[in-house]
Amino acid sequence: MHEMPTGRYRYKNLETDRSIRLVTILPGAFDDEIHLEIQHRHLDADSPSYEALSYVWGISDSRGEVFINNISFDVTPNLFRALRHLRYSEKSRITWIDAIAINQDDLNERAIQVPLMRYIYPRAAATIVYVGEADTDTAWAFNCFDMLHALYSFWYETPKAATQRGLRARVLQYNLPRLFRFLRREWFERAWTFQGICLSTEVQIVCGEYSIAWSVIVFAIAAVRMGSDGAGLVGVQDRALTRIEYWALLHLIGKPDAPRQFSMTTLLYETRGLATTNPVDRIYSLMAVANIGNVELKPDYTLSVAATYILATRWSIINDNDLRVFQQLDRPKRVNDLPSWVPDWRQKQRGLPLIPSRIPSWLPDKSNSGKKTRSSLATVGKFYDFNATHSVDFTDRPLSDKPSLSLVGTPVDVIEAVHLTRDLLIGLRRLNKDTTTSWRQVFSEIKHFADALEIPGQSSDSADCGYMEILRTLCADHLPISRQRQLSAAMIPEQMGHYKRNTGTALFRSKTFAFDAERVKQMYMAMWSEAAQQPATPSTMSSILGRTTHMTKMVVGIRPHEDEETKRSRIAREYCSAVCGALDGRALIFTHDGRIGLGPDRCAAGDQIFSLLGGDVPYVLRPTARVPEYIILGEAYLHGVMDGELWDSADGGGSSRERCGVDREFEDVVLV
């Protein structure tokens, strides 16, 4: 029997900055009052085995009442339901629950406890993820996860693989909508839940009275991805799977003994769709997972959102030692409380960065009996590279919330004309949704757009013809010939090198094959010409694709039995998808010196294109009345300058003040 509760619960101060509170759920029946006990423990001392709880706090005016040491304490309805399901009927259960273990009214304590989560989750015996109450789809979805997990385990190791593929197709035919309804639950959409998965040793998903291991879901997602029907998912379905795959990769390397290879910049981009109640938690919710680097950013809930975002941007520049964070400057809505060089992580980003962080989707290693492997770690990082300027050392910069940022750069060109690409983007998106789209339709749509432009003369820095310049520019030079893989969720093979552009040599390299830039150009121009019913050599495609079965599967994703028309259509649709990603939020620009490129869709004639030290790509800057202050609008793709063609090869990159190129010198640039 519990004693009669009295008063309201008051927290006792923690003894040290390494102390935490553990919450013991006392036994009881499902409908009984919930009674808890709190004990203080030091992280570095021997502590009792405990489980961590991950759940969605939720926003509600109603509260659930529990009792801590027989004293009343209010919790959110979602936590109240979770405690009911977690409570044992006959024995106590020791847990760590953030809303109870941390005094939420004490901002100083919150600032101290948040960084400790990088130790709390890994040291827990397991993390229990409560995703909400069960519904009519839950049992079906969990059974489907179990079946797909079993099918994946025997995918290639049994001679009955074809039969298993057929069974998998039948499983997905009736259950795929249920799977995605489950994966779109609110827990999968919140930022704070992210670290619970990435840092935990074992994870159990609980939905009402049902439960399933996180690893089973990961293997099931791998089974969905295997094959053409899994690879062809679009929209929210594809994003749901990609998110699980990404979390699975971080779960693999997020342990204390594993190197933290993910910068805050990368994590902010990859989690850009996750929501938080407090905007500053877009930063703080990732700190336990991110690479701390040489300078540590400490949570401070007394700062404004603007001050927090300024500090986070400076912190990213210092720890990344480059300007990669500027890839997230896209702002569909006007923001007045932030400087132009600070991303607004409250808004969803449109389109893709010019150099997206390529975190390959992770699949369990089939050759190791389904056990997880760290062999994929070597592939984590950039897949596309630009090198438009020289590097510089930012590591000695001070961390401050000053609203201006001093850099060094040089003007490259001036925008003379801006062409919005909305109509082209609408047309290509329509074609991209239609699986019956032919390669002629894609290239005819692009050619119609290009023919309507007043194309400047051939630029001084490019040997490409005008149409090829447009083809490469519209996709930001992400020609998809070496991008898609037959197993879209498989790890990028370690022997594969980086996808090169603007080099004039090989676009793609590996130990066994290489695509020559000139032949790729011929292939695209042949498809362009044939789309316009102009003479072209049909054998061009055949000679390009006439490689080994291994190459066509792993690189182009084209099955050997497909005919020529189907092969071309697959590549054209890939190109269509690449253009849609590159043009979202961007406009086609022509410059004073006759170059063609892409810039933010809010740029205008007179804006300048700068090469900033530490940036891999050029940037569009708008001069202000105060020299040398500029407003930065975002990244720019400028054809013919993306691999350092502007700079004297003998320069070698040296200091920020030396001459680079024939008539170019670096100057002070202050971003405001």
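What follows draws every value from the coordinates through simple rules; no lab data is involved. None of the values given here were measured: they were computed from a predicted structure. Positions of Cβ are generated from backbone atoms using ideal geometry, with glycine treated the same way; all protein chains shown enter the neighbour counts.
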Quiz item: At Arg429 and Ser211, where each label point lies 7 Å from the Cα along Cα→Cβ, what is the point-to-point distance in nanometres?
Solution: 4.4 nm
Quiz item: Between Ala417 and Glu645, what FRET efficiency follows from the Cβ-Cβ distance if R0 is 22 Å, with the result rounded to 0.05?
Solution: 0.50
Quiz item: Given H placed on each backbone N at 1.01 Å, which residues far from Ser72 in sequence or on other chains put an amide H within less than 5 Å of it?
Solution: Thr6, Tyr9
Quiz prompt | Karplus (6.51, -1.76, 1.60) ³J(HN,Hα), θ = phi - 60°, over segment 35-51, in Hz, Gly and Pro reported as x | solution = 10, 10, 10, 10, 10, 8, 9, 8, 4, 8, 9, 5, 10, x, 4, 9, 10
Quiz item: Can you give the extra length, in nm with one decimal, that the chain gains between Leu43 and Ala125 once fully stretched, where that is 0.36 nm per residue apart less the Cα-Cα distance?
Solution: 28.1 nm
Exercise. Give me the distance in nm between label points sitting 7 Å out from Cα along the Cα-to-Cβ direction at Asp17 and Ala604, one decimal.
Key: 4.9 nm
Self-check item: Positive minus negative residues near Ile426 (Lys, Arg vs Asp, Glu; Cβ under 15 Å)
Solution: +1
Quiz item: Roughly what percent of Cα-Cα pairs across segment 1-132 reach past 20 Å?
Solution: 44 percent
Quiz prompt | Listed residue pairs exceeding 32 Å between alpha carbons, taken from Lys298/Lys348; Lys348/Lys567; Lys447/Lys567; Lys348/Lys433 | solution = Lys348/Lys567
Quiz item: Between Thr624 and residues 5 or more places away or on another chain, which pairs have amide H atoms under 5 Å apart, with H built 1.01 Å from N, and which residues are they?
Solution: Glu629, Ile631
Quiz item: Is any residue of segment 30-62 close enough, with backbone N under 11 Å, to a label point placed 7 angstrom from the Cα of Asp74 along the Cα-Cβ axis, and if so, which?
Solution: 60-62
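Report the trypsin sites (Lys or Arg not before Pro) located in segment 36-102 that are in a DSSP loop and have at most 13 other Cβ atoms inside 10 Å of their Cβ, or state none. Don't jump to the answer; show the numbers that get you there.
Working: sites: Arg41, Arg63, Arg81, Arg84, Arg87, Lys91, Arg93; in loops: Arg63, Arg87, Lys91.
Filter output for segment 36-102: Arg63, Lys91.
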Quiz item: Amide H to amide H, which residues 5 or more places from Arg18 or on other chains are under 5 Å from it, using H placed in the peptide plane?
Solution: none
Quiz item: Can you run phi through the Karplus equation (6.51, -1.76, 1.60; θ = phi - 60°) for segment 167-182 and list ³J(HN,Hα) in whole Hz, with x for Gly and Pro?
Solution: 5, 4, 4, 5, 4, 5, 4, 9, 10, 4, x, 5, 4, 6, 5, 5
Quiz prompt | Calculated from backbone phi, Karplus (6.51, -1.76, 1.60) coupling profile of segment 290-300 in Hz, x at Gly/Pro | solution = 6, 5, 5, x, 7, 10, 9, 9, 9, x, 8
